[in-house]
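*Asks:* Structure in structure tokens, see below.
Readers should treat all values here as calculations from the given coordinates under stated rules, not as data from a laboratory. This structure is a prediction, so every number in the text was calculated from the model and none was measured. For neighbour counting, all protein chains shown are included, and Cβ atoms are generated from backbone atoms with ideal geometry for every residue, glycine included.
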Amino acid sequence: MCERADHAGFARREGLLPCDNRLRHRNVRGQAVTTAPLTFDPIEEAARQWRARGWGDAADGMAAVTSVMRVQAIMLARAEAVLRPLGLSFARYELLTLLSFTRRGALPMAQAGALLQVHPTSITNAVQRLEKAGLVSREPYPGDGRAVLIQITEQGRELAAEATKHINADLFTQFGLPDHLLRTLFSVLRDLRREAGDFS
């Protein structure tokens, strides 16, 4: 008799996992998991279930969408782990870095939101948190009293540079794929983003 008091046991009982697929309790650097890693790919298994139930034409799309969402969660968790000790979220880091790239260290709030492709509420929340920490300031936009200009402070520039050093070392150069696959992945995702209307 093969019994498990964990996710693998449930999966086996439900016909999703062979009896000898034991759950190994290990922690690999870069994995953003809230439970011990499985010994099988649940998304691949979900695709098999899709096909078995007659949804074969949607199986690959389901697996791709679910995989992208899972990888997004993994990468966001890794980014937050790097940035949290610096008092930043990834969203606030992106905004600081964007501002540091501009010639004057400033952008209209609406333009910053458009470039970061986030909802106006999200950019407002990020600016409020950064302003409270002394990393940016808000000023009226010259010539348009309704618009707001976001200006990075010197403290903000220093933190953006420090954060970039850490995230380059601990995430962007430690992605987990060789360079040629990274370039292929970016190309595929870029095509998907263009098709979705991200840019033209």
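*Asks:* Just the residues that are outside any helix (DSSP H, G or I) and farther than 26 Å from S89 by Cα, please, taken from segment 166-195.
*Replies:* Answer for segment 166-195, where residues must be outside any helix (DSSP H, G or I) and farther than 26 Å from S89 by Cα: just P178.
*Asks:* Could you tell me which of the residues L116, L130, L171, L185 is closer than 29 Å to I74 by Cα, within 23 Å of the chain's Cα centre (by Cα) and either loosely packed, with under 14 Cβ neighbours inside 10 Å or not hydrophobic (A, V, I, L, M, F, W, C) (or both)?
*Replies:* Selected residue: L185, the only one of L116, L130, L171, L185 that is closer than 29 Å to I74 by Cα, within 23 Å of the chain's Cα centre (by Cα) and either loosely packed, with under 14 Cβ neighbours inside 10 Å or not hydrophobic (A, V, I, L, M, F, W, C) (or both).
*Asks:* Here is a follow-up. How about segment 126-144: which of its residues are of a type in the set (G, A, S) and either in contact with a strand residue (DSSP E or B) (Cβ under 8 Å, 6 or more places away or on another chain) or in a helix (DSSP H, G or I) (or both)? Give the derivation first.
*Replies:* Start the filter on segment 126-144 by keeping residues that are of a type in the set (G, A, S), which leaves 126, 133-134, 137, 143.
Matches in segment 126-144: A126, S137.
*Asks:* May I ask you to list the residues in segment 105-125 that are in a helix (DSSP H, G or I), touching a residue at least 24 places away in the same chain (Cβ under 8 Å) and in contact with a strand residue (DSSP E or B) (Cβ under 9 Å, 6 or more places away or on another chain)?
*Replies:* Residues satisfying the conditions are M109, A110, A112, I123.
*Asks:* So is E94 crowded, with 16+ Cβ neighbours inside 10 Å, among the acidic types (D, E) and within 20 Å of the chain's Cα centre (by Cα) or not?
*Replies:* yes
*Asks:* Before we move on, is A147 outside any helix (DSSP H, G or I) and in contact with a Phe, Trp or Tyr (Cβ under 6 Å, 6 or more places away or on another chain)?
*Replies:* yes
*Asks:* Does R78 satisfy being in contact with a Gly (Cβ under 7 Å, 6 or more places away or on another chain), farther than 29 Å from V148 by Cα, assigned to a helix (DSSP H, G or I) and of a type in the set (D, E, K, R)?
*Replies:* In short, yes.
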